[in-house]
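Chemist: Got a structure for you, questions after.
The values are calculated or read from the model by the stated rules, or taken from the named source; none is laboratory data. Small disclaimer: the values here were computed from a predicted structure and weren't measured. Every residue, glycine as well, gets a Cβ built from its backbone with ideal geometry; the counts of neighbours run over all protein chains shown. We work out accessible area using only protein heavy atoms, side chains counted, and drop any ligands, DNA or RNA first. Shrake-Rupley method; radii C 1.70, N 1.55, O 1.52, S 1.80 Å.
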Amino acid sequence: MNASTSADSSNLTILMELSHVSRVYGSGEAAVWALRDVSLVIRAGDFVSIVGPSGSGKSTMLGLLGCLDVPTEGTITVGDEEVTRLADAARTRVRGKSIGFVFQQFHLIPHLDAIGNVETALLYRSLKPAERRDRAMASLERVGLGRRADHRPVQLSGGEQQRVALARALVTEPKILLADEPTGALDTKNAANVMEILSGLRSSERAVVIVTHDLDIANSAVRKVSMLDGGIVSDEVLRS
Amino acid sequence: MSTFKDLVRVAFTGLLARKVRTLLLLLGPMIGVAAIIASVGLTDSAKGDLKQKVAKLGTNLIEAAASSSFGGQNPTLPTDAVERALTVKTVEKVSAVVELSNIAVTPYTEAREKFETVPIPVLAADSNLPAVLQVNLVSGRWINQFDEDSEVRAAVIGVGLAREFDVLPGENRTIELAGIPYGVVGILDSVELEPGFDNAVFISFARAEIDFLDDEVQPNKMYVRCTEGTESETSEALKTAVNLGGPQEISTDIKSEALELAAQSDRQLQMIVISMGLLAIIVGGLGIANVMSISVIQRSAEIGIRRALGHTRNIIAVQFLFEAIVVGVIGGILGVLLGMLAIFVGASIAGWVFVMASWLAPAGIILAITISILAGLYPARRAAKLEPLETLRLG
Ligand SMILES: Nc1ncnc2c1ncn2[C@@H]1O[C@H](COP(=O)(O)OP(=O)(O)OP(=O)(O)O)[C@@H](O)[C@H]1O
Ligand SMILES: [Mg+2]
């Protein structure tokens with residue numbers, strides 16, 4: 001199997017590229033190769049699911065794609081920026097500008113209401129408070145939670161919390177949306193709801209990458225990347 | 001600028017979200033600043049009060065007393081001491097007195113037993129004394145030249161003694177000095193610089209000589225008003241002028257110096273209270289450092305998500321510092337207000353005028369902010385060092 005079977009979509013803009021990337025935790029005898037020589041290209045319009053058994057390196061790869069981590073070897077490019085060369089602050093700015101995150105555990109800030117959580121993504125960006133609020137509100141409405149703007153996370157169901165997290169990830173209009181087990185903590189109905197929103201986000205400018213254990217979700221994607229022991233074992237286009 | 005506003009806004013929401021914790025954080029800088037402000041302000045108010053008193057009473061009052069360096073039992077000044085004192089150019093007014101010893105003072109004959117054992121000073125004084133001491137009479141008049149010349153038994157009593165003897169202002173009363181009745185012609189108001197006069201009896205030199213002395217009456221003390229600012233020179237000049245023989249026989253005392261000394265002894269107390277205030281602020285600072293460090297751990301997921309959302313390490317650090325600064329500003333302001341309240345209450349109770357130096361309020365707030373910044377540095381660094389991946393635990 002080859003890591004570049006999706007080469008037929010090469011006419012679309014490359015948003016992100018991992019090139020011969022390895023990530024090693026620890027050193028010497030205790031070293032764990034969480035990723036070993038992985039190369040991957042994410043293009044605008046991609047809707048990718050990443051699957052694989054536990055410990056195969058999915059989350060590690062997602063952390064690298066999200067510029068939350070730096071590889072031990074290899075290079076990562078986001079847009080035309082080689083982030084592996086950037087200092088922490090510059091890398092953080094690339095993250096804020098280009099990438100949106102959704103986590104299994106939602107990770108909402110408990111003392112802020114829904115709109116406050118969404119606004120957090122727009123802080124320190126020289127926006128007027130009113131504009132920030134309007135954009136946050138629009139984002140909440142997009143996930144169907146306009147009416148719950150002043151509810152704090154404890155007042156929201158798991159599904160609603162994940163939708164707030166989605167609104168927060170979307171409010172910056174990121175080119176790449178990364179989700180690690182976004183439905184992992186949700187029941188079937190809420191999971192379906194979140195997946196519906198995620199698939200609705202597919203656009204020709206954006207890429208959505210979802211790590212999942214759920215085969216239905218994995219197979220509903222446009223492209224499926226399978227991992228094993230820190231490597232990519234298949235990368236297939238399921239539909240166009 | 002908008003980043004600054006964002007930092008302040010986020011700091012406020014963070015603090016408001018944990019009200020009890022924030023209140024506890026505020027206590028340290030608040031109490032510390034309040035203690036310092038109150039101690040400085042209260043001692044200043046007390047000092048201001050003393051200063052006012054000194055200003056009212058004049059710094060230029062000198063007491064010149066005969067001293068007993070020759071070993072004499074009752075040292076005296078020369079009979080013409082007043083005239084001699086007036087030869088000193090800087091001397092403006094002089095009054096001479098002599099304290100008479102062992103005279104029992106009673107309000108009336110029947111009360112003799114009750115009052116005989118109470119020592120009440122009796123002084124012979126000239127007509128200038130109230131003018132030199134700058135004190136008024138509560139009622140009646142002072143001993144005058146007529147009393148001196150006609151040798152009538154007229155007495156003026158201090159306001160304290162009047163109260164003791166139940167003498168009402170304007171009332172026609174006699175008192176007995178060693179059994180001899182004297183008419184009370186006036187009540188002297190209290191003399192700040194000579195508190196002993198409140199309970200004293202004053203009579204004329206002429207009458208003192210007739211009723212209580214064997215020899216010619218001689219003063220043993222003089223009160224001198226000199227030109228302002230010449231107190232020490234005048235004191236020295238007086239010694240030579242009054243006692244032509246040996247200057248060691250007369251001792252002088254600038255009366256306002258005692259009050260100024262009293263103001264200084266308050267400084268030590270002030271230093272102690274200020275140190276305690278500083279200690280409170282430092283302990284408060286350690287409290288802030290401690291509580292915020294715990295808070296960094298509790299909020300590590302929040303820090304991680306903020307980092308994922310694009311907030312840099314610097315922003316995270318400054319955000320935590322701003323929380324500390326907001327605590328410092330609010331704690332400082334509350335401390336200043338509390339300190340002012342303490343000064344106001346304290347000064348009101350003591351009857352002083354409220355005095356608070358203009359630098360105190362800004363200094364208190366700056367101190368509180370400085371301490372909280374220092375306290376916030378360590379937790380801010382810890383927050384900034386957190387790795388987003390470690391705090392977020394991906395699935
Ligand atoms: N911080 C770390 N220190 C040491 N080893 C780590 C660390 N993070 C991950 N690993 C190891 O790297 C390997 C890949 O982990 P990763 O979390 O990427 O797996 P995963 O595919 O997401 O698994 P799961 O499906 O259970 O979430 C595992 O063997 C894991 O034990
Ligand atoms: Mg994982």
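Chemist: What trypsin sites (Lys or Arg not before Pro) in region A:134-240 are in a loop by DSSP, with at most 13 other Cβ atoms within 10 Å of the Cβ?
Modeler: Numbers: sites: A:Arg135, A:Arg142, A:Arg147, A:Arg148, A:Arg163, A:Arg168, A:Lys175, A:Lys189, A:Arg202, A:Arg206, A:Arg223, A:Lys224, A:Arg239; in loops: A:Lys175, A:Arg202, A:Arg206, A:Arg239.
Answer in residue order: A:Arg239.
Chemist: Which FRET efficiency value, to the nearest 0.05, do you get for B:Ala258 and B:Phe4 by plugging their Cβ-Cβ distance into 1/(1 + (r/R0)^6) with R0 = 41 Å?
Modeler: Calculated transfer efficiency: 0.15.
Chemist: Separate question: Work through the residues other than A:Ser234 whose Cβ is under 12 Å from its Cβ and net out their charges, Lys, Arg +1 and Asp, Glu -1.
Modeler: Overall, the nearby charge balance is 0.
Chemist: Quick check: net charge around A:Ser19, other residues with Cβ under 11 Å of its Cβ, Lys/Arg +1 and Asp/Glu -1?
Modeler: Its environment carries a net charge of -4.
Chemist: For the pair A:Glu82 and B:Thr87, how long in nm is the line joining their label points, each one 7 Å along Cα→Cβ?
Modeler: 10.6
Chemist: Using only the Cα atoms of chain B, build the gyration tensor, take square roots of its eigenvalues as a ≥ b ≥ c, and label the shape rounded, prolate or oblate: rounded if a/c is under 1.5, else prolate if a/b is larger than b/c, else oblate. Don't skip to the end; give the middle numbers.
Modeler: On the way: a/c = 4.60, a/b = 3.22, b/c = 1.43.
Prolate.
Chemist: Moving on to the next point. Given a 1.4 angstrom probe, what's the average accessible area per residue across region A:62-136, in square angstrom?
Modeler: Ligands and nucleic acids excluded, the result is 40 Å² per residue.
Chemist: Connecting C-alpha atoms closer than 10 Å in a GNM of chain A, tell me which of A:Ala30, A:Ala149, A:Ala165 has the biggest fluctuation.
Modeler: In the Gaussian network model the winner is A:Ala30.
Chemist: Once the cut-off is 33 Å, how many percent of the Cα-Cα pairs in region A:3-237 end up in the long-distance tail?
Modeler: That fraction is 16 percent.
Chemist: Between 0 and 90 degrees, rounded to the nearest ten: what's the tilt of helix A:158-170 against the longest Cα principal axis of chain A?
Modeler: With rounding to tens, the tilt is 80 degrees.
Chemist: Other chains' Cβ within 10 Å of A:119-130 residues: what's the mean? Walk me through the numbers before you get to the answer.
Modeler: Details: counts 3, 6, 6, 3, 12, 14, 4, 4, 2, 2, 4, 0.
Neighbouring Cβ atoms belonging to other protein chains average 5 per residue here.
Chemist: Of all the accessible heavy-atom surface of chain A, with the other protein chains kept in place and a 1.4 Å probe, what percent is carbon and sulfur?
Modeler: Carbon and sulfur: 48 percent of the exposed surface of chain A.
Chemist: Let me ask you something else. With all protein chains present, how much of the accessible area of chain B (probe radius 1.4 Å) comes from carbon and sulfur, to the nearest whole percent?
Modeler: Using a 1.4 Å probe with all protein chains present, chain B comes out at 60 percent carbon and sulfur.
Chemist: Moving on. May I ask you to compute the full-extension gain from A:Glu29 to A:Glu236, defined as 0.36 nm times their residue separation minus their alpha-carbon distance, rounded to one decimal in nm?
Modeler: Between A:Glu29 and A:Glu236, full extension yields 71.0 nm more.
Chemist: Subtract the Cα-Cα distance of B:Asp214 and B:Leu137 from 0.36 nm times their separation in residues, and report this length gain in nm to one decimal.
Modeler: 24.6 nm is the gain from fully extending B:Asp214 to B:Leu137.
Chemist: Relative contact order of region B:57-262, please, whole-number percent, based on alpha carbon pairs below 8 angstrom and at least 6 residues apart.
Modeler: This gives 38 percent for region B:57-262.
Chemist: What fraction of the DSSP beta bridges in region A:3-237 is antiparallel, stated in percent and rounded to the nearest 5?
Modeler: Bridges in region A:3-237 that DSSP calls antiparallel: roughly 55 percent.
Chemist: Note every residue of region B:1-15 with a reduction of at least 20 square angstrom in accessible area, all protein chains present versus the isolated chain, computed with a 1.4 Å probe, or write none.
Modeler: Residues passing the criterion (a loss of at least 20 Å², heavy atoms only) are B:Ser2, B:Thr3, B:Asp6, B:Arg9, B:Val10, B:Thr13.
Chemist: Let me ask another. Rounded to the nearest 500 deg cm²/dmol, what is the calculated helix-only ellipticity per residue at 222 nm for chain A, with -39500 (n - 2.57) per DSSP H run of length n ≥ 4? Don't skip to the end; give the middle numbers.
Modeler: Numbers: 7 runs with 72 residues, N = 240.
-9000 deg cm²/dmol, from helical runs alone.
Chemist: For region A:26-164, what does the relative contact order come out to in percent, with C-alpha contacts under 8 Å and a separation of six or more?
Modeler: 17
Chemist: Given an 8 Å cut-off on Cα distances and at least 6 residues of separation, report the relative contact order of chain A as a percent. Mind showing how you got there, number by number?
Modeler: Working: 483 pairs, mean separation 71.8, N = 240.
It comes to 30 percent, rounded to a whole number.
Chemist: Considering chain A as a Gaussian network with a 10 Å cut-off on Cα pairs, which listed residue, A:Pro110, A:Pro71, A:Pro174, attains the greatest mean-square fluctuation?
Modeler: A:Pro110
Chemist: Mind listing which trypsin sites (Lys or Arg not before Pro) in region B:38-113 are in a DSSP loop and have 14 or fewer other Cβ atoms within 10 Å? List each step's numbers first, then the result.
Modeler: Details: sites: B:Lys47, B:Lys51, B:Lys53, B:Lys56, B:Arg84, B:Lys89, B:Lys93, B:Arg112; in loops: B:Lys89.
Counting only loop positions with at most 14 other Cβ atoms within 10 Å, the trypsin sites (Lys or Arg not before Pro) in region B:38-113 are B:Lys89.
Chemist: Then there is this: In whole angstrom, how far apart do the alpha carbon centroids of region B:335-380 and region B:102-153 sit?
Modeler: Computed from Cα coordinates, the inter-centre distance equals 51 Å.
Chemist: Another question about this same structure. Which percent, nearest 5, of DSSP beta bridges in the protein assembly as shown are antiparallel? The partial results should precede the final answer.
Modeler: Values: 53 of 79 bridges.
So the antiparallel bridges in the protein assembly as shown amount to around 65 percent.
Chemist: Could you give the angle, 0 to 90 degrees to the nearest 10, between helix A:88-98's Cα long axis and the longest principal axis of the Cα atoms of chain A?
Modeler: It is inclined by approximately 70 degrees.
Chemist: Can you give the accessible area buried between chains B and A, summed over both chains, with a 1.4 Å probe, in Å² to the nearest 100?
Modeler: It comes to approximately 2500 Å² buried between B and A.
Chemist: I've got another one for you. Output the residues of region B:373-395 meeting this criterion: accessible area (heavy atoms, 1.4 Å probe) in the chain alone minus accessible area with all protein chains in place is 20 Å² or greater.
Modeler: B:Pro388, B:Leu389, B:Leu392, B:Leu394, B:Gly395
Chemist: Would you be so kind as to list the residues of region A:33-72 that have their accessible area lowered by at least 30 Å² in the full protein complex compared with their chain by itself (1.4 Å probe)?
Modeler: A:Ser59, A:Leu68
Chemist: Within 10 Å of each Cβ in peptide A:100-113, how many partner chain Cβ atoms are there on average? Round it to a whole number, please.
Modeler: Partner Cβ neighbours, averaged per residue: 5.
Chemist: Can you give the accessible area per residue of region B:57-262, in Å², using a 1.4 Å probe?
Modeler: Roughly 48 Å² per residue, with all protein chains present.
Chemist: Here's another thing I want to ask about it. Report, as an integer, the average count of C-beta atoms from other chains found within 10 Å of each Cβ along B:294-306.
Modeler: That average works out to 3.
Chemist: Among all helices in chain B defined by DSSP H, which have a length of 27 Å or more along the axis from Cα atoms plus a Kyte-Doolittle mean of at least 1.0?
Modeler: Span-like helices in chain B: B:256-298, B:313-350, B:360-385.
Chemist: Within chain B, what's the longest run with no chymotrypsin sites (Phe, Trp or Tyr not before Pro) in a DSSP loop and at most 13 other beta-carbon atoms within 10 Å? Give the range, please.
Modeler: Excluding the exposed sites themselves, the longest stretch runs over B:109-358.
Chemist: Taking region A:22-108, which trypsin sites (Lys or Arg not before Pro) meet the DSSP loop condition and have no more than 10 other C-beta atoms within 10 Å?
Modeler: Those that pass, being in a loop and sparsely packed, number zero.
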